[in-house]
Structure formats: C-alpha cells, structure tokens
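Novice: Handing you a structure now.
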Ligand SMILES: [Ca+2]
C-alpha cells in the first residue's frame with residue numbers, strides 16, 4: 001500500500017510486524033518511552049482491574065500448578081527443522097506431530113524433525129506474502145477433526161477457513177469459509193487463531209492498520225477490527241458459524257462475535273493450559289510493547305485500551321472505559337514488536353514452569369516473566385536469541401518451540 005517507509009535495519013527481511021511498529025510512530029521516543037517498564041500503572045490514567053473472584057469450583061491449594069525458580073533457569077535452543085518462513089505451530093489432539101504453517105501458504109506435518117509426506121494443506125495460490133500478509137495462523141478443533149487456517153487473501157482481507165481432515169491431510173473439497181474481514185490497510189492483520197479451553201475458536205484481528213488507528217477501530221465495538229473474536233465454528237442456519245450466546249455482545253452493544261477489544265495488533269495470544277488465563281502480546285505503535293494477562297472467566301468484554309492507551313501511556317484523547325492495563329510493558333530501545341508466547345508447563349526445564357515465555361521480533365531475545373494476580377514478580381532474558389523471532393508454539397507435552405521467520409524452528413530445552 002506504500003504506507004510504510006523502509007527502515008534500514010529491517011530492509012533485508014520480509015517483515016510481518018516490524019515495519020509497522022517502527023515506521024508509524026507519531027510519538028517521539030522522548031515523549032513516549034517510560035523510564036521503567038510500568039507494571040503497576042497509576043489508577044488515574046488506567047483504572048485498575050477489579051479484584052478477581054475465583055470460579056466457584058476452584059480449590060487453589062489443590063490445583064495450583066507447579067512453578068519453578070525463574071532466576072535459576074538456564075535454557076538452550078535445539079534446532080528441530082528448517083522450513084520456509086514458518087509463522088505458526090499447532091498440535092492436533094490425538095497426534096504427537098507438530099503442524100507448522102509457512103507464511104507462503106503451506107501447512108506441513110513434522111515428526112522427529114522431518115516433514116511427513118505431502119503438505120497437509122497448500123493455499124499458496126490464495127495468499128500473498130507482502131507487508132504483514134500471508135498464512136498467519138492455524139489451529140485444530142478440540143476433537144482433532146478439523147483444521148482452521150487464518151490468512152490474508154489475494155484481496156488483502158483477513159480470512160479464516162475450515163478444512164476437514166482425513167489421514168492427517170486437509171480435504172480440499174471440505175473447505176468452508178468461516179470469516180472474511182475487510183482490511184483497510186496492509187498491516188495490523190492480527191491473524192492468530194486458537195481453539196480455547198472451552199472448545200470455541202478464538203481469532204485475533206488488528207486495528208486494520210496504517211498507524212495510530214486512524215479509523216478508531218480499537219474502541220469501536222461495531223467492528224471486528226481491533227478485537228479478539230470468539231465463535232463456535234459449527235454452522236447456524238445459513239451462517240457458517242454460531243455466535244455463542246454467552247458472548248458479551250451476543251444480545252447487543254457490539255458485534256456478537258467480539259469477546260474482547262481495544263487491541264492494536266494481537267499478533268500472538270495463548271491460553272495457559274494449567275489455568276486457562278489469556279495472555280496477549282499486543283504489538284505497540286512507536287514506543288511501547290505490551291503483554292496483557294486476564295483470567296479466562298473475566299476476559300469477556302475486556303477492553304485492552306488501544307488507541308486511547310499504548311501500554312500504560314495515553315495515546316489519544318478518547319475514552320477507554322474500564323481499560324485493562326498490561327501486566328507488563330517495555331520501551332522499544334532496540335526492540336520493536338512483541339512476540340507473545342506461552343506459560344511454560346513442560347518437563348524439560350523445571351525451573352521455567354509457571355513462567356510466561358515471550359520475545360521480540362527485532363532483538364530476538366527469548367525472555368520470561370512470572371506474575372502474581374496483577375503484578376510482574378520477575379522478568380529476565382533467557383540469554384538465547386532467535387533471529388526474526390516471529391512466533392512460539394507448544395506441543396502436546398507442554399514443551400515450547402520458537403520460530404524464526406528466517407526458517408528454523410527451535411525447541412526450548414535445558415541449557
Ligand atoms: Ca493495551
């Protein structure tokens with residue numbers, strides 16, 4: 001779209017995220033960079049979250065998942081496979097293989113570091129890889145029978161399709177288009193798709209792009225842009241999906257598909273497999289990258305603040321009622337685009353258990369943090385770097401993977 005000037009440090013890469021974050025910066029670094037990453041924003045600028053109430057069935061003492069000592073963690077990156085611009089990794093229930101999406105449109109199945117046979121799916125002819133476009137996300141239904149792919153189509157619009165699986169291959173004749181969302185600009189497409197702990201399909205969409213959210217989509221609940229959607233992918237009448245009746249705006253006040261809003265570009269979001277907490281890496285504008293965390297049972301209707309707030313900093317004059325502040329944020333300062341990850345629940349690195357592992361596309365350093373109810377209690381670099389760190393993945397055992405857009409998929413192991 002010719003909107004984004006090229007920055008010298010990014011010129012050589014085909015970038016999903018960086019150009020936007022570095023180029024569309026209406027705020028100077030001096031004005032917008034906080035002195036220290038604020039984890040407890042002032043109540044005057046961003047309202048605090050209400051005190052969470054545990055679900056009735058919870059018995060925290062018995063169910064508290066194991067946590068390790070983040071300070072003692074030492075990790076290594078073990079290469080698993082080299083692919084062509086991998087963007088997303090998912091697992092299929094009942095299958096130990098890794099399913100990995102390539103930006104150009106292929107989905108491959110990987111076992112023991114090898115691609116097994118032909119691609120599971122190839123939609124290369126339906127997508128493009130310019131700007132922040134391509135095959136951006138994949139997920140499987142809870143029963144493992146269907147594959148969902150999220151991509152930008154030839155028109156540049158966001159599309160989510162469903163395929164039935166047969167012998168670990170997508171049946172092309174089974175394709176059903178679930179979502180088609182017009183994108184006004186080439187960037188901020190979101191693109192993540194995740195099957196949630198409740199079996200519903202969650203889709204992240206950015207604010208539509210350009211810079212600074214000129215259309216005000218973040219705070220507009222009558223658009224899907226800038227939102228996290230929650231849909232039941234089963235058909236309803238002549239509709240390809242069903243709006244769950246317990247969605248916050250199912251009966252009005254916004255689009256029925258919206259589950260949360262106020263997001264700029266929720267490139268990667270995940271659910272903690274032990275607690276169901278929602279974690280979002282929301283890519284910032286010119287100054288601040290942020291990580292949001294909210295308990296699953298409080299996420300419906302959550303407003304994450306954009307474009308009134310960038311992180312905890314005011315960005316525009318509008319209002320963002322009851323905005324949920326980030327649990328963590330950091331200034332650019334060599335970094336530029338947060339890559340949200342997972343809370344680690346695996347076995348390889350016991351001291352990493354309970355830590356949220358994430359990174360940044362620009363410096364590639366893998367980091368981790370721990371948090372209590374509302375505050376980060378520790379955060380540190382894990383002292384390993386993945387060039388063009390575009391995404392993380394989690395396998396059936398809870399082990400984590402880091403994906404380099406340059407090609408290599410790494411497993412995170414003990415160092
Ligand atoms: Ca926010």
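A short reminder: the numbers here are calculations on the coordinates, not readings from a lab. In this text, all values refer to a predicted model and were calculated from it rather than measured experimentally. Neighbour counts run over all protein chains shown; Cβ positions are idealised from the backbone, glycine included.
Novice: Under 1.5 on a/c is rounded, so check that first for the range 292-415, then, if it is not, pick prolate when a/b is larger than b/c and oblate when it is not; a ≥ b ≥ c are the square roots of the alpha carbon gyration tensor eigenvalues.
Specialist: Working: a/c = 2.14, a/b = 1.51, b/c = 1.41.
Verdict is prolate for the range 292-415.
Novice: Ordered by packing density, taken as the mean number of other Cβ atoms within 10 Å over each peptide's residues, highest first, how do 179-192, 378-391 rank?
Specialist: 179-192, 378-391
Novice: Distance from the Cα centre of the range 107-176 to that of the range 303-340, in angstrom?
Specialist: 31
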